[in-house]
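Enquirer: Take this structure, written in structure tokens, and hold onto it; I'll ask about it next.
The values are calculated or read from the model by the stated rules, or taken from the named source; none is laboratory data. Nothing here was measured: the structure is a model prediction, and the numbers come from that model. Glycine gets a Cβ as well: all are built from the backbone with ideal geometry, and neighbour counts include every protein chain shown.
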Amino acid sequence: MQTVSTGLKPDVHLTNSRIISLHVNGVPRIADVAPWVSLLDALRDHLDLTGTKKGCDHGQCGACTVLCDGKRILSCLTLAVMKEGAEITTIEGIAQDDVLHPLQKAFIENDAFQCGYCTPGQICSAIGMLSEGKANSRAEVKELMSGNLCRCGANTNIIDAIMEVKNARL
Amino acid sequence: MSHKLLTGQPVSRIEGQQKVTGAARYAGDYHVPELLYGYVVNSTITKGKILEIDTEQIKAIKGVIEVFTHKNRPSLAWFDLQYADMDAPPGSPFRPLQNADIKYNGQPIALVVAETFEIARYAASIMAVRYEEQHFFTDLESNKGKARDPKKGLATFLKPLPAKPKGDFGKAFHNAAAQVSAEFIHAAEHHNPIELFATTTVYEEDGKLTIYDKTQGTINCQLYVGNVFGLHYKNVRVISPYVGGAFGSGLRPQYQLFMSVMAALQLKRSVRVTLDRQQMFTFGHRPPTIQQTRFAADSQGKVTALGHEAVAETSQHEDYTEVVVNWSNMLYPAPHTSFDYKLVPLDVFSPLDMRAPGGVTGMHAIESSMDQLAYQLKIDPLALRLINYTDFDVTADRPYSSKELRECYVQGAEKFGWSKRTPEPRSMRRGHKLVGYGMATGIWEAMQVLARVEAVMTAEGKLEVSSAITDIGTGTLTVMTQIAADELGLALEDVTFCYGESQMPFAPVQGGSFTVSTVGAAVKAAGKALRKKLLKKAGNMPGSPLKSVSEKEVVFERGGIILKSNQNVIVYFKDIVAAEKKKVIKTTNTGVPNVFKLKNYTRAAHSAAFVEVEVDEELGTIQVTRAITAVAAGNIINPKTARSQILGGMVWGISKALFEETISDHRFGKYMNQNLAEYHIPVHADIHELDVIFVEEKDDIVNELGSKGIGEIGLVAMPPAIANAIYHATGKRFNQLPIHFDQLL
């Protein structure tokens, strides 16, 4: 039996790039990107901000979470060209003048990571989640952080770290 | 002030700052000028031949540099042995792009290389391939009749085949007061670390290769690349300081490494190949396994007969095996046994070690069968384990080097509140939910293999220790730094552990829970040699107060050597180095297991897991509301990172019992849930109270550190403890994992 997996005729116009400007971690940045470049790939491949991680490229794992105008978004499900002029904060911009953010400190202290690959997404997501102000209990924090997968199984330590910071703020 | 031992302290991870700030660079994170991007095309059929690949159409796309297939790949090594890595099972290793043959669904068949990631991906997605399809078999259940004995090879040494039958199993089982017989079915699972497999091959100006690879063995990959591509090892440098989880998936060189290196060599350019999440299901998995147990006991609860058979999947080209059925008799000394382990070769990729390979599979069957036996005998499940407790391993006719499993049972039960359990199924409730308590035992062998370590005393009096070992998130960097610091009585900040590079002293792959014992023993050996060297050189310094002084008369602390009889006398390390008129003083040593001592003992870590579940019968939902694992694993070097290892194992246990499985559609020979939305692992909302106890266990036999590995022991007892708790809650026994709500309804 013969089978064929075919593709389509190539569309040659897809690769035309354009210049966009973003504010990344407080710094104006310019990138020359084609319209099909995700914000994730623009950050990683064009701006050398590889702290933001790719775990699935489909919005299923949360490793690529960044803050866009203060809100947490999945950078893999966002095209870079959609964010012209936006204020983007990545994990590289969370610490201020080399002073770690309380969440970063709490992650280290609570051993809230093992391999560290989901960590940038967990931290950015937690900052976004805390500023949303919806979570009042540990159970709600767990629920609202459930878009960020951790395969090492650091779940309890991650939630401990977030609760420590959340409770300190109250 | 004397040196306070750092081993045993809950030191936070040394690389913590890098990991929380995004500074840690993983294999796909290296910025390389003029980098090209490769995207792999995979077979959409399961078995057959490639008739034609249309590469011309996609080569015409602007930005596509080259397309590699079996037709234009460079000529490569000929012999199987050249493709065999340190973790290769007996057989013929898979060779990417070897020829037109398709051996499994998802087989890599081409690599598109382009100027950008997006162009490579797009071109790969529209490539037309014509196949001749052949009939295939991928279903273990319907092919069980083809089961045969596994082939033997080097791997058999680390993964022994089942013991021969003992006593008269048939008669003993038949005549026993209590008998249980059960079948256990496990689906395939994929490791799915969150980091995608990636390799960045940097083509240096002199044609040498610097390779950033996602792996659990830098030297393993260096040897593979050298052998397959005919390169001198010294021209191949594999670097992997950060590995975003692996769980066994990085024990063998994966095909993105081959693809990236091949393209770099052919194009004389730097090339990155990153797999996508779907491709993470195309290179190794925990094999589907079907087990049958037949356990029997006398009326007092003494286990008299143990029967355990397993039939597992392997590929057509390699005989991957696991230790599934050897464990029960190590725990329960029954005089009559019958064990069997067979393989069914199917049209799939070779299975691959996945966290607690074999152990977690076998222990589910063993500990669920013990639970069933306890109910039949009307004996508390914990009491049944104690009735059959032993400090002697009857399978090898020798004692355990140490075994504080009894303390695990006692302390775990106490903290959990096991005594509050009412034995009848369906007898405990919370609101409208059924509550169940379950427990199970865990065991994992404590292994040690060979490793080498270099220790360097610098001109500043600081210690640098190096090994090619990786740190896949287990805490290797932190733990090795602690061990090294204690060797010379230094503070943590005066010690640097360099690791994750193939050019460093030899280390094996990081797996099997043997890293701390193996590399740690080498660190100790190098530390000892360096102390000796430093003392000798200090004694030779002009007017030295340490002249002709033996090591017994001194202590190493405060950055120097101090005379015990007069603590004011100190010769600083930096002065010893300066007196040598050399830049550094160094030594390289090997950590060797003491085989003569070890052969008289079985070495294993043990655990006891206690689990509470809540079951909502109307909705069929199951929640592990509470779990405690008590672990006896010798000397715990770092209680903080060790606790995390056990917690991680427990989450994996919850996942195996209730969430994860790779589902096949055998009509197509294909996995159907190749993404993280449909391959379920627990999210934060699924994980509730988890607790870990390390019981004290002294062991001066297992190795110099007295340590046993802890990467797998947190996992093995959890799935049966959960299944047993579900039985206690509901009165229903489910032996197929994962247990889903539809089974409950």
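Enquirer: Take residue B:439 and decide whether it is part of a strand (DSSP E or B) and surrounded by 20 or more Cβ atoms within 10 Å (Cβ to Cβ). Talk me through it step by step, then tell me what you get.
Expert: On the way: part of a strand (DSSP E or B): yes; surrounded by 20 or more Cβ atoms within 10 Å (Cβ to Cβ): yes.
Here the answer is yes, as residue B:439 does meet what is asked.
Enquirer: Are any residues in segment B:547-601 among the polar types (S, T, N, Q) and out of contact with any helix residue (DSSP H, G or I) (no Cβ under 9 Å at 6 or more places or on another chain), and if so, which ones?
Expert: Let us first name the residues in segment B:547-601 that are among the polar types (S, T, N, Q), namely B:548, B:550, B:565-568, B:587-590, B:594, B:600.
Residues satisfying the conditions are B:566, B:567, B:568, B:594, B:600.
Enquirer: Now a separate question. Among the listed residues B:206, B:213, identify the single one that is among the acidic types (Asp, Glu), buried (at least 22 other Cβ atoms within 10 Å of the Cβ) and away from chain A (no Cβ under 14 Å). Let's see the steps before the verdict.
Expert: Values: B:206 fails: buried (at least 22 other Cβ atoms within 10 Å of the Cβ).
The unique qualifying residue is B:213.
Enquirer: Further question: Kindly evaluate residue B:12 against the criterion of being in contact (Cβ under 8 Å) with a residue 40 or more places away in the chain, in contact with a strand residue (DSSP E or B) (Cβ under 9 Å, 6 or more places away or on another chain), more than 30 Å from residue B:281 (Cβ to Cβ) and outside any strand (DSSP E or B). First the steps, then the outcome.
Expert: Working: in contact (Cβ under 8 Å) with a residue 40 or more places away in the chain: yes; in contact with a strand residue (DSSP E or B) (Cβ under 9 Å, 6 or more places away or on another chain): no; more than 30 Å from residue B:281 (Cβ to Cβ): yes; outside any strand (DSSP E or B): yes.
No.
Enquirer: Let me ask something else. Filter segment B:654-681 down to the residues that are within 11 Å of chain A (Cβ to nearest Cβ) and in contact with a Leu (Cβ under 8 Å, 6 or more places away or on another chain) and list them by number.
Expert: B:676, B:681
Enquirer: Quick test for you: out of B:712, B:689, B:697, B:704, pick the one residue that is out of contact with any His (no Cβ under 6 Å at 6 or more places or on another chain) and either closer than 28 Å to residue A:144 by Cα or not acidic (Asp, Glu) (or both). First the steps, then the outcome.
Expert: Numbers: B:712 fails: either closer than 28 Å to residue A:144 by Cα or not acidic (Asp, Glu) (or both); B:697 fails: either closer than 28 Å to residue A:144 by Cα or not acidic (Asp, Glu) (or both); B:704 fails: either closer than 28 Å to residue A:144 by Cα or not acidic (Asp, Glu) (or both).
Sole residue among the options that is out of contact with any His (no Cβ under 6 Å at 6 or more places or on another chain) and either closer than 28 Å to residue A:144 by Cα or not acidic (Asp, Glu) (or both): B:689.
Enquirer: Select from segment A:78-103 the residues that are on the phi > 0 side of the Ramachandran plot and out of contact with any strand residue (DSSP E or B) (no Cβ under 7 Å at 6 or more places or on another chain) and write down the one among them that is nearest to the other protein chains (Cβ to nearest Cβ).
Expert: Going residue by residue through segment A:78-103, those that are on the phi > 0 side of the Ramachandran plot are A:85, A:97-98.
When the remaining residues are screened for being out of contact with any strand residue (DSSP E or B) (no Cβ under 7 Å at 6 or more places or on another chain), the result is A:97-98.
Values: A:97: 12, A:98: 9 Å.
Checked segment A:78-103; the qualifying residue nearest to the other protein chains (Cβ to nearest Cβ) is A:98.
Enquirer: Here's another thing I want to ask about it. Going by the conditions given, is residue B:587 in the same structural domain as residue B:648 (by TED's automatic domain parsing) and of a type outside the set (A, V, I, L, M, F, W, C)? Steps first, please.
Expert: Working: in the same structural domain as residue B:648 (by TED's automatic domain parsing): no; of a type outside the set (A, V, I, L, M, F, W, C): yes.
No; evaluated as a whole, the condition is false for this residue.
Enquirer: Output the qualifying pairs, or none if there are none: Cβ atoms under 7 angstrom, residues six or more apart or on different chains, first residue in segment B:477-496 and under 20 Å from residue B:451 (Cα atoms), second residue buried (at least 24 other Cβ atoms within 10 Å of the Cβ) and of a type in the set (Asp, Glu).
Expert: From segment B:477-496, the pairs are B:477/B:471.
Enquirer: With respect to the numbered conditions (1) touching a Leu at 6+ places or on another chain (Cβ under 9 Å); (2) in contact (Cβ under 8 Å) with a residue 60 or more places away in the chain, which one is the sole condition not fulfilled by residue B:281?
Expert: Every listed condition holds for residue B:281 apart from (1).
Per-residue answers, yes or no, for (1) of a type in the set (D, E, K, R); (2) closer than 30 Å to residue B:387 by Cβ:
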site: B:419; (1), (2): no, yes
site: B:432; (1), (2): no, no
site: B:435; (1), (2): no, yes
site: B:440; (1), (2): no, yes
site: B:451; (1), (2): no, no
site: B:471; (1), (2): yes, no
site: B:476; (1), (2): no, no
site: B:496; (1), (2): no, no
site: B:507; (1), (2): no, no
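Enquirer: Among B:255, B:242, which is within 29 Å of residue A:116 (Cβ to Cβ), within 14 Å of chain A (Cβ to nearest Cβ) and not polar (S, T, N, Q)?
Expert: Working: B:255 fails: within 14 Å of chain A (Cβ to nearest Cβ).
Step by step, each of B:255, B:242 is checked, and only B:242 is within 29 Å of residue A:116 (Cβ to Cβ), within 14 Å of chain A (Cβ to nearest Cβ) and not polar (S, T, N, Q).
Enquirer: Check whether at least one residue in segment B:721-741 is under 30 Å from residue A:148 (Cα atoms), away from chain A (no Cβ under 14 Å) and at pLDDT below 95, and report yes or no.
Expert: Yes, segment B:721-741 contains a residue that is under 30 Å from residue A:148 (Cα atoms), away from chain A (no Cβ under 14 Å) and at pLDDT below 95.
Enquirer: Looking only at segment B:622-669, count how many residues are among the hydroxyl-bearing types (Ser, Thr, Tyr) and assigned to a strand (DSSP E or B). Step through it out loud before you land on a result.
Expert: Here is the first cut: in segment B:622-669, the ones among the hydroxyl-bearing types (Ser, Thr, Tyr) are B:625, B:629, B:641, B:644, B:655, B:662, B:664.
Filter once more, so that each one left must be assigned to a strand (DSSP E or B): B:625, B:629, B:662, B:664.
Of the residues in segment B:622-669, 4 are among the hydroxyl-bearing types (Ser, Thr, Tyr) and assigned to a strand (DSSP E or B).
Enquirer: Another question about this same structure. Taking segment B:360-393 as the search range and keeping residues that are more than 25 Å from the chain's Cα centre (by Cα) and polar (S, T, N, Q), which one is surrounded by the most Cβ atoms within 10 Å (Cβ to Cβ)?
Expert: Taking segment B:360-393 and keeping what is more than 25 Å from the chain's Cα centre (by Cα), we get B:369-392.
Of the ones still in play, those that are also polar (S, T, N, Q) are B:369, B:372, B:376, B:388, B:390.
Values: B:369: 25, B:372: 22, B:376: 15, B:388: 17, B:390: 15.
Among them, the one singled out is B:369.
Enquirer: Assess whether residue B:396 counts as being under 20 Å from residue B:166 (Cα atoms) and surrounded by fewer than 20 Cβ atoms within 10 Å (Cβ to Cβ). Explain how you work it out, then say what you get.
Expert: Numbers: under 20 Å from residue B:166 (Cα atoms): yes; surrounded by fewer than 20 Cβ atoms within 10 Å (Cβ to Cβ): yes.
Judged against the criteria, residue B:396 is a match.
Enquirer: Of all the residues that make up segment A:117-142, how many are of a type in the set (Val, Ile, Thr) and away from chain B (no Cβ under 11 Å)? Walk me through it before giving the result.
Expert: Kept after step one, since they are of a type in the set (Val, Ile, Thr), are these residues of segment A:117-142: A:119, A:123, A:127, A:141.
This time we only want the ones that are away from chain B (no Cβ under 11 Å), so: A:127.
Qualifying residue count for the region: 1.
Residues checked against (1) closer than 30 Å to residue B:596 by Cβ; (2) among the β-branched types (Val, Ile, Thr); (3) modelled with pLDDT of 95 or more:
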position	(1), (2), (3)
B:676	no, no, yes
B:681	no, yes, yes
B:684	no, no, yes
B:691	no, no, yes
B:695	yes, yes, yes
B:703	yes, no, yes
B:706	yes, no, yes
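Enquirer: Then there is this: Considering only segment B:122-146, state which residues are out of contact with any Pro (no Cβ under 9 Å at 6 or more places or on another chain) and buried (at least 20 other Cβ atoms within 10 Å of the Cβ).
Expert: Once the filter is applied, which keeps residues that are out of contact with any Pro (no Cβ under 9 Å at 6 or more places or on another chain) and buried (at least 20 other Cβ atoms within 10 Å of the Cβ), segment B:122-146 yields B:124, B:127, B:129, B:131, B:136, B:138.
Enquirer: Just the residues that are within 15 Å of residue B:587 (Cα to Cα) and buried (at least 22 other Cβ atoms within 10 Å of the Cβ), please, taken from segment B:488-504.
Expert: B:488, B:497
Enquirer: Can residue B:637 be described as assigned by TED's automatic domain parsing to the domain that holds residue B:413, under 28 Å from residue B:386 (Cα atoms) and of a type in the set (A, V, I, L, M, F, W, C)?
Expert: On the way: assigned by TED's automatic domain parsing to the domain that holds residue B:413: yes; under 28 Å from residue B:386 (Cα atoms): no; of a type in the set (A, V, I, L, M, F, W, C): yes.
Answer is no for this residue.
Enquirer: Considering only residues that are closer than 27 Å to residue B:401 by Cβ, part of a loop (DSSP other than H, G, I, E, B) and in contact with a Lys or Arg (Cβ under 7 Å, 6 or more places away or on another chain), which ones fall in segment B:442-461? Talk me through it step by step, then tell me what you get.
Expert: Residues of segment B:442-461 that are closer than 27 Å to residue B:401 by Cβ, as a first pass: B:442-453.
With part of a loop (DSSP other than H, G, I, E, B) added as a condition, the list becomes B:446-450.
If the condition is that a residue be closer than 27 Å to residue B:401 by Cβ, part of a loop (DSSP other than H, G, I, E, B) and in contact with a Lys or Arg (Cβ under 7 Å, 6 or more places away or on another chain), then B:446 is the only one that fits.
Enquirer: May I pose another question? With respect to residue B:685, determine if the residue is in a helix (DSSP H, G or I), among the small types (Gly, Ala, Ser) and over 23 Å from residue B:605 (Cβ atoms).
Expert: Values: in a helix (DSSP H, G or I): yes; among the small types (Gly, Ala, Ser): yes; over 23 Å from residue B:605 (Cβ atoms): yes.
Answer is yes for this residue.
Enquirer: Kindly establish whether residue A:114 is surrounded by 17 or more Cβ atoms within 10 Å (Cβ to Cβ), outside any strand (DSSP E or B), at the interface with chain B (Cβ under 9 Å from one of its Cβ atoms) and in contact (Cβ under 8 Å) with a residue 40 or more places away in the chain. Even if it seems obvious, please write down each step before you answer.
Expert: Working: surrounded by 17 or more Cβ atoms within 10 Å (Cβ to Cβ): yes; outside any strand (DSSP E or B): yes; at the interface with chain B (Cβ under 9 Å from one of its Cβ atoms): yes; in contact (Cβ under 8 Å) with a residue 40 or more places away in the chain: yes.
Yes, satisfied.
Enquirer: If you don't mind, there's one more thing I want to ask. Based on this model, can you work out whether residue B:627 counts as crowded, with 22+ Cβ neighbours inside 10 Å and in contact (Cβ under 8 Å) with a residue 40 or more places away in the chain?
Expert: Working: crowded, with 22+ Cβ neighbours inside 10 Å: yes; in contact (Cβ under 8 Å) with a residue 40 or more places away in the chain: yes.
Yes: the conditions hold for residue B:627.
Enquirer: Going through segment B:87-108 one residue at a time, which ones are away from chain A (no Cβ under 14 Å), of a type outside the set (D, E, K, R) and surrounded by fewer than 19 Cβ atoms within 10 Å (Cβ to Cβ)?
Expert: B:90, B:92, B:98, B:99, listed by residue number.
Enquirer: Something else: Being free of Cβ contacts under 8 Å to residues at least 60 places away in the same chain and surrounded by 17 or more Cβ atoms within 10 Å (Cβ to Cβ) narrows it down to one of B:646, B:570, so name that one. Before the answer, list the steps.
Expert: Details: B:646 fails: free of Cβ contacts under 8 Å to residues at least 60 places away in the same chain.
Criteria check complete, one pass: B:570.
Enquirer: Scan segment B:658-710 residue by residue and report those that are touching a strand residue (DSSP E or B) at 6+ places or on another chain (Cβ under 6 Å) and free of Cβ contacts under 8 Å to residues at least 40 places away in the same chain.
Expert: Within segment B:658-710, B:672 is the sole residue that qualifies.
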